[in-house]
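Novice: The structure is given below, and queries will be raised subsequently.
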Amino acid sequence: MNFIKRAFTSIKRNLGKTCLLFLIVLILCSVISGTISANQAAENTERNLMDNMLTIAQVQLDWRVLEEENPEWWRDPNIMQRIPPEMIERIGALPYVETYDLFVESWGLFSLDLVEYEPEMPEGMYGGGRWVEGEGEFGMSFTVRGGNNPNIFDIEQGLIELVAGRTFTEAEVQNPSNVALVSQAFADVNQLTIGSVMNFRHIIFHRQDDMAWDPDFFTEENIFASQSYELEVIGIFHPLATLNTGNPWDDRDFSMRLSNRIYVTNSFSQPAALFDATARLEVLPDEFRLMEDGSEISPEDWVGIEHFFSLYNANDFPAFREAVAEIVPPHFFVEDAGGNIGAIEAALQSMRSLTQTILWLAIGASILILTLLITLFLRDRKREVGIYLALGEKKRKLVSQFVVEIIVIAFVSIVAALFLGNILSSTLSENMLISDLAAEQDDDRGHFRGIWEDNPFWWQGFINEVDTDEVIASYDVSLTPMTILLFFAIGLGTTLIATIIPMIYVVRLNPKKIMM
């Protein structure tokens, strides 16, 4: 009888030991299977999140740190409060950046002819009065958003889509041009079409302490400076971005802001913003117009120039941050539009780290337990080994017989453990992920900070919020060919390693000593 037939005969004859080995391998490999499934699911979910993550970034001033060091930091002329355009261009030239743009907003543009679009109130909500400075005598106040990108950055990022007309030409971007894009909802409520002209009056009032909040103060005689503009509608867009925070007021406000956004070129908005800054500085008290060294604040310093960078891949953020740190002063940092994805990613990484630790512990425990168990089994069969050796059987064939016995039992156990571990993992790891997500999102500072807080991405519409239910729905612990191959490789590999030491015991047995 060859060693393979002897192996199967031995499995049948020692049914109790066979079942014991089967159960132990089943339990150990079920733990290994579950951890592999959970780890692969977390890795796949994290990869999907990163693939779908907005790759928008902005270089911001860390004013909180500066505030702690010196509450009057903003008066210090040696502290750069915003990175200049030439520095933005250097950052935009980095290999990680797909595209970028600079934006200049100008506000305080009043119109007697135009009204804002107001979305329908959600069920159970009631609208309140909207107070805008000067509303009534001067109409509503509007803000225009400039840009240097002829194709419009927000269109390229999928924030809005063009539904009629065109975007800007290169000539309109480079030269002063009174052209604009408005939303379909804004156009409908104001009966605007392509070619329509919107009239605005840019008004700066004499602001005097609490009088600035008195609606009666905003009259013709209290105007400090004003100038008029005409903007031609050349394009109409439809917003694609929505916000689902669970707060209907914030969601509605976001929709309202995006629908009432007026896109212009920086060649229009920058002179308008400079006019605004110059006039407002003139009406400020003297002490607010001076820097720490006594020099006057320049109107150009008051013109807000925002910027956004769009990276090729979310995985480029670490390298991008390092490259930016070599360009900008130390009190600037890169913030991304990750939203709550940072918290979700942290929860997934925590799960991956935990499952990897459990996996290594399970492998180590399996090797130790199986080694001891197989050694005990072989010690009980040493007389059988002595007989085979006395009859002239080669030790390598005996080793091969025992290896076949163990591998056959282990293989059947591994097949069963594959499905059992996957079922257990599906329930346990999902509950663990839900718990981690709740904890991480409570602690994460990058999570949605609300409408009234300083979040440049939220204000502009770059929302990267992912609902926990969406993460759980995408968390798939189903068996894939890669997971199955990996599990069998680890399971059989662990069993083979656990067999090495007992086989050394068999090789060293002396048949004469056994039979005496």
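Yes or no, residue by residue, for (1) out of contact with any Leu (no Cβ under 9 Å at 6 or more places or on another chain); (2) under 15 Å from Leu496 (Cα atoms); (3) not in a helix (DSSP H, G or I):
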position	(1), (2), (3)
Ser353	yes, no, no
Leu372	yes, yes, no
Arg379	yes, no, no
Gly386	no, no, no
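Novice: Separate question: Quick one: count up the residues across the stretch 89-102 that are buried (at least 21 other Cβ atoms within 10 Å of the Cβ) and hydrophobic (A, V, I, L, M, F, W, C).
Specialist: So the answer is 1.
Novice: List, please: which pairs have Cβ atoms under 9 Å, are six or more places apart or on different chains, and start with a residue in the stretch 327-346 that is over 14 Å from Ile91 (Cβ atoms) and end with one that is modelled with pLDDT of 70 or more and assigned to a strand (DSSP E or B)?
Specialist: Short answer, once both residue conditions are applied: His331/Leu61; Ala337/Ile56; Ala337/Ala57; Ala337/Gln58; Ala337/Phe308; Gly342/Asp336.
Novice: Separate question: Residues that are farther than 21 Å from Asn190 by Cβ, of a type in the set (A, V, I, L, M), within 27 Å of the chain's Cα centre (by Cα) and at pLDDT 90 or above: does the stretch 142-153 have at least one?
Specialist: Checked the stretch 142-153: no residue is farther than 21 Å from Asn190 by Cβ, of a type in the set (A, V, I, L, M), within 27 Å of the chain's Cα centre (by Cα) and at pLDDT 90 or above.
Novice: Under 6 Å between Cβ atoms, at least 6 apart or on separate chains: pull out the pairs that start in the stretch 40-63 with a residue that is in the same structural domain as Leu348 (by TED's automatic domain parsing) and at pLDDT 75 or above and end on any residue that is of a type in the set (Asp, Glu) and outside any helix (DSSP H, G or I).
Specialist: As it stands, the answer is Ala41/Asp476, since those pairs meet every condition given.
Novice: Filter the stretch 106-135 down to the residues that are under 20 Å from Ser226 (Cβ atoms), at pLDDT 85 or above and aliphatic (A, V, I, L, M) and list them by number.
Specialist: In the first step, residues of the stretch 106-135 are kept if they are under 20 Å from Ser226 (Cβ atoms); the result is 106-114, 132-135.
Next cut, at pLDDT 85 or above only: 106-114.
Within the stretch 106-135, Leu109, Leu112, Leu114 meet the criteria.
Novice: Which helices (runs of 4 or more DSSP H) does the stretch 145-193 wholly contain that include 2 or more residues that are closer than 22 Å to Met256 by Cα and assigned by TED's automatic domain parsing to the domain that holds Ile262? Please lay out each step first, then the result.
Specialist: Working: elements: 153-156, 170-174, 184-189.
Passing ranges, in order: 153-156, 184-189.
Novice: Could you grab the pairs with beta carbons closer than 6 Å, sequence gap of 6+ or different chains, first residue in the stretch 1-19 and assigned to a helix (DSSP H, G or I), second one among the small types (Gly, Ala, Ser) and at pLDDT 75 or above?
Specialist: Cβ pairs passing all conditions: Phe3/Ser400.
Each row is one residue, and each column tells you yes or no for (1) under 32 Å from the mean Cα position of the chain (by Cα); (2) more than 23 Å from Ile497 (Cα to Cα).
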| position | (1), (2) |
| --- | --- |
| Ile24 | no, no |
| Ser33 | yes, no |
| Arg47 | yes, yes |
| Thr55 | yes, yes |
| Asp62 | yes, yes |
| Val65 | yes, yes |
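Novice: May I pose another question? Mind telling me which of the residues Arg75, Arg82 ends up being more than 24 Å from Val324 (Cβ to Cβ), basic (Lys, Arg) and modelled with pLDDT under 95?
Specialist: The match here is Arg75.
Novice: Taking the stretch 44-84 on its own, how many of its residues are assigned to a helix (DSSP H, G or I), within 30 Å of Gln356 (Cα to Cα) and touching a Leu at 6+ places or on another chain (Cβ under 8 Å)? Before the answer, list the steps.
Specialist: Residues of the stretch 44-84 that are assigned to a helix (DSSP H, G or I), as a first pass: 44-52, 63-69, 73-75.
Going one step further and asking which of them are within 30 Å of Gln356 (Cα to Cα), we end up with 44-52.
From the residues that got through so far, the ones that are touching a Leu at 6+ places or on another chain (Cβ under 8 Å) too are 45-46, 49.
The qualifying residues number 3.
Novice: Could you tell me how many of the residues in the stretch 85-95 are in a loop (DSSP other than H, G, I, E, B) and closer than 19 Å to Glu335 by Cβ?
Specialist: Number of matching residues: 1.
The values are calculated or read from the model by the stated rules, or taken from the named source; none is laboratory data. Everything numeric in this text was worked out from a predicted model, so none of it was measured. Because the Cβ atoms are built from the backbone with ideal geometry, glycine has one as well, and the counts that use them run over all protein chains shown.
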